[in-house]
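The values are calculated or read from the model by the stated rules, or taken from the named source; none is laboratory data. Please read these numbers as outputs of a predicted model, since none were measured by experiment. Using ideal geometry, Cβ is built from the backbone for each residue, glycine included, and neighbour counts are taken over all protein chains shown. The protein model used for the area step is the full one, side chains on, heavy atoms only, and it has no ligands, DNA or RNA in it. Shrake-Rupley method; radii C 1.70, N 1.55, O 1.52, S 1.80 Å.
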Amino acid sequence: MIFYGFLINFYKGAKQTALKKKRMEKQMNSNDRTSAAPSLAQDLNASKAPAPGGAVSPETAALFRTAAAESCVLLKNDGVLPLNGRRAAVFGICQIKWMDMGYGSGGDVVRPYTVSLADALEKRGDIAYDKKLMAKYREWCGPYAPGPMPWGEWPQHHDEMPLDGETVSAAAAECDAAIVVIGRACGESIEIALEKGSYYLTDDETAMLDAVTAAFSKVIVLLNIGNIIDLSWTARYPLSAVLAVWNGGMESGNAAADVLSGKTTPCGKLADSVALSYDDYPSSGNFGGAEFSEYKEDIFVGYRYFSTFRPERVLYPFGFGLSYTSFRLDLVSFRGLCAVVKVTNTGAASGREVVQLYCRAPQGLLGKAALSLCAFAKTRLLAPGESQELELSTDEYTLSSYDDAGKTAFPSAFVLEKGDYELLYGNSSAQLAPAGIYTVGETKLIVQLEEACAAEKPFRRLTASGGEEDVPLRRSSLRERIVSRLPAELPFTGDRGIKLGDVKAGRASLEDFVSQLGDGELEALTRGEGSMDSDLGPAGNAGAFGGVIPSLREKGVKPVVTTDGPSGIRLSAQCLLAPCEAALACSWDTELVEAVMTEIGRELILRGSNVLLGPGVNIHRSPLCGRNFEYYSEDPLLTGKLAAAAVRGIQSQGASACPKHFCCNNQEFMRNMSDSRVSERALREIYLRGFEICIREGSPKNIMTSYNPLNGVWNHYNYDLVTTVLRGQLGYTGCVMTDWWMVPAESPDFPGIEVNAYRVRAQVDVFMPGNQNFGDKEYASDGTLLATLGKPGGITRGELQRSAMNVLRFVMTQL
C-alpha cells in the first residue's frame, strides 16, 4: 500500500531509544521547507544582496517600529516606567542575542538588519544605562553571527552570562533601576516543552532574577518572547514593571526602547489569557497526542473557560494591558446591538485605548461561555483631556450558538436561544461594565446548515455546568453527498485558439477555455511545478503552480510563484521583517496590521512573487504550540478581524494572501499524523470562525489546508471541510492548495481513489510543491490523479475541470 510505504520511508532508521518520539516527529516533518531560504542563524552579512527596490525606506522602518511599539503590553508598573531619566542596568544575554522572530516557514526571514535592545540603547541619548555592564555582556557574548542550524533544532533560549555578586553590586551602586531581558523563540516542527529553557525559566535565569531583585529596589522585566510562557514568577518576585515586547521584527529593539523612554505610551492588550500555571489551561490534559488529541474543553478555550469556571486562576486576563496614562470609559448610548462609548484620557500622557464589547448569553439548552468577545475598537492617540467616541456593533449571528446535537428545534444550525443577552464593555475581559440588554423572546433560527466534519470517534466534552456529555457523532453519508453533487463535465473541444487573456478580457468564457484542455493540462493545473525554489521565481521561493508546462504557457497561463510568510518574505535575498502575528494581535489595531502587511505585499510583488503563504489563522488552543507566534490569538473574532486586515493589505498591491492552516493545526508534534478530534460545535464556533471572518471581510484568493487529520480525515482530502463548509457554506470561490507534501491515503468511500484523485475530489485544487518525494527537482507524476479517470466510481473529468477553473480564476488576477 502507498500509505504504509510512505510511513516506512519516514520512520526508516529511527533508533529504539528514549528519543524515538522526537526523532519520529523530526522525520515526519523532514519534508518541511528546509530548502527555501537560509535559517535564522545565517550570517546576514553573507546573504544575497537585496533585489532592486529592496532598501528599507525610512517610512517603512518607522511603520514597523510603530507596529512593534504599539504591540507591547505593559503587564505591571509601579511608576518606574517610563524611565524619565532613571539610569538603568541591563541584564540578560538577549539584550544582544535579541529574539526578533520565530523559526520555520513563518519566520526565518533574511532581514536587512535587526536592532537589538542593546543596539537601540547605544544609538539613542534619552536613556541612561550602565555602559560597563553592557560592554561586559558584549565581551562575554562575542561577535553574534552563529552559523546555520538544522531544521527544527533552533534555540528556544540563549545561555546566560554567569553573574557574580561584584558585578551586580557595582551596577546597583551606579543605577536607579535594573532591566532584565528574558528571551524565547519557537517555531515550526517543534513545541514549547514543559522544561527549563522552554516554557520555564532556566536555572541561570532564575539565579539572575534572584541576584538582581536582591540588589535593586526597582526591577523591570522585558519579555522578548513569541509564545506565552510560564509567568507565575512575575508574581513571586518583587518586580516594579513587566513589559511584553514579543518577537517584534527588525525594528523591535528600537520599539522597546521607545516604550521604556516614554516616547511611545504602551497601548497593547493581551490576545491570550495568561494562567497561574500550565495545568490551569483547559487543554493541558489533552494536548500533543501522537495519534490524536481530543478537544474535550470544546468551546471553552482561553478566557471563555476561565470566565466560566476559574477566574481566580488567571494571572493576566485576556484583553488586559496597562498604559502610562489613564482613561475613563462612559457609555453614551446602547441601541439594538450597538454601543457607543466615549473614551477620555484622564492622565498626564498621550495614549491610545482599546474598548472591548463582550456578550454574556443566557445558558438556554445549549450552554454558553460566561463571556464572548463580539466587537472591539481602538482610539486614535488622545492627548490629556481629549475624548473620542467609539461605536462597537455586533449582530445576532455573532451571538448565536451552533446546535450539533439537536437540543433545540434546529439541529445543524446556528440558533439564538431565547433570553436576555447582556452586553458589557471595558478595557479587558476582567474589567467590564454593563452596556445594555438585548432580549430574544423566542428561540430562533439564524442560519440553517448541514452536518459536516462531525466527530467519528466517541469522546466526552465539557459542558457549561462543569459536567461532561458525549460529543455527537457523524450521521450523514459522505459518499451519497459527493455522488449527488458531482460537477457536470464540459465537452472536450480541443484547442480552439482561446487564450486565458481572452477570458479575462471578456471575449470568451472560462468554460470555453477549459474545454480546450487535455488530460495532461488539467493534471498540471492541479499541482505545483515539482519542487521548492522553482526556477520560475526568485531564489528561495516555495514553489510555483499554474502555467507549469509549456502548453499551458502557450495558452496564456502564466506560472504563479509562492513564498513563505507571514512575518516577511522568506527568500534567499534580504526582505523586510515585521513583528510576528502574536505580537501584532496585541495591537488590537486592524488598520495598523493592514498597513504593515501592505508593505509586505508591495515587497512581494517587487521580488517577483505572487502568493504570500499567510496569514496564519489557527487558534491558540494551548500555550505549548510551537507555532503560536505565527498565529494571532485564542479568540476567533480577534483572529478573524486581524487576519482579514492582513489579507486586505497583502492583496492591495496585486498579490494574493493565502490564509493557513485550514484547520485545527494546533500542535506541531506529529502534526502530519495526529487526529484533531473536535465537536462540530467547537469547530464552527471557535476553529472555523476566524477563517470565516477572514474570508468574508478579506476575500483571500488562495487558502492552504493543514497537514493534520480532522475527525479522521486528512484535511488535504477533506471534502466536507473544503467543499461542504468552505465553498458551500462560507461561499469561498478561490483556490485551495495543500500544505507542502501530503500523507498518501485512499478514500474509504471510493476504493481505488487515492492521493491526488482523493484530493481533487475534495476540491483541494493544487498539490504543492508538486512532487511527493522531498528533494526531487524535476516533476514526476505518481499516477494517482488520472488512474481512475473514466472508470466506474473513479475521478471524473468534471472534477478536474472544476479545480482547473478554481486555479485559473486566480491566475487571471495575476495577468
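The residues of the chain expose on average 33 square angstrom of accessible surface per residue, using a 1.4 Å probe on protein heavy atoms. Taking 7 Å steps out from each Cα toward its Cβ at residue 387 and residue 407 produces label points 4.3 nm apart. Size check on the stretch 543-588: the Cα extents along the three principal axes, sorted descending, read 48, 24, 12 Å. Rolling a 1.4 Å probe over the protein heavy atoms of the chain, with every protein chain left in place, gives an accessible area that is 51 percent carbon and sulfur. Semi-axis lengths, largest first, of the ellipsoid equivalent to the stretch 340-437 are 35, 11, 10 Å, with √(5λ) applied to each eigenvalue of the Cα gyration tensor. Helix-only arithmetic for the chain: the sum of -39500 (n - 2.57) across DSSP H runs with n ≥ 4, divided by the residue total, places the mean residue ellipticity at 222 nm at -7000 deg cm²/dmol. Geometric descriptor of the chain, per residue, is 156 Å³ (volume of the convex hull of the Cα atoms).
Rounded if a/c is under 1.5, else prolate if a/b is larger than b/c, else oblate: which is the stretch 587-639, with a ≥ b ≥ c the root eigenvalues of its Cα gyration tensor? Since a/c reaches 1.5 but b/c is at least a/b, the shape of the stretch 587-639 is classed as oblate. To check you understand DSSP bridge types, tell me what percent of the beta bridges within the chain (both residues inside) are antiparallel, rounded to 5. Of all bridge pairs located within the chain, approximately 65 percent are antiparallel. With a/c under 1.5 counting as rounded, go ahead and sort the stretch 478-636 into rounded, prolate or oblate using the C-alpha gyration tensor (a ≥ b ≥ c being the square roots of the eigenvalues; past the cut-off, prolate if a/b is larger than b/c, else oblate). Cα axes put the stretch 478-636 in the prolate bin. Size descriptors for the stretch 164-240 (Cα atoms only): Rg and Dmax, in that order, 13.8, 45 Å. A compact globular protein would have a Cα radius of gyration near 2.2 N^0.38 Å; the ratio found for the stretch 666-722 is 1.16. Taking a ≥ b ≥ c as the square roots of the Cα gyration tensor eigenvalues, with a/c under 1.5 meaning rounded and otherwise prolate when a/b beats b/c, else oblate, which class fits the stretch 220-290? Prolate. Once all Cα-Cα distances of the stretch 174-324 are split into 10 Å bins that start at 0, what whole-number percent is in each one? Per 10 Å bin, starting at zero, the Cα-Cα P(r) for the stretch 174-324 comes out as 9, 34, 37, 16, 3, 0 percent.
Here, P(r) means the percent of Cα pairs in each 10 Å bin from 0 to the largest distance; for the stretch 713-815 it is 15, 46, 33, 5. Using r as the Cβ-Cβ distance of residue 433 and residue 505, and R0 as 60 Å, what FRET efficiency do you calculate, to the nearest 0.05? My answer for the efficiency is 0.60. Couplings 3J(HN,Hα) of the stretch 788-800, computed from phi: 10, 4, x, 9, x, x, x, 5, 9, 5, x, 5, 4 Hz, in residue order, whole Hz [Karplus 6.51 cos²θ - 1.76 cosθ + 1.60, θ = phi - 60°; x for Gly and Pro]. Computed from backbone phi, the HN-Hα couplings of the stretch 179-196 come to 10, 10, 9, 10, x, 8, 9, 9, x, 5, 6, 9, 10, 5, 9, 7, 9, 5 Hz, rounded to whole numbers (Karplus: 6.51 cos²θ - 1.76 cosθ + 1.60, θ = phi - 60°; Gly and Pro given as x).
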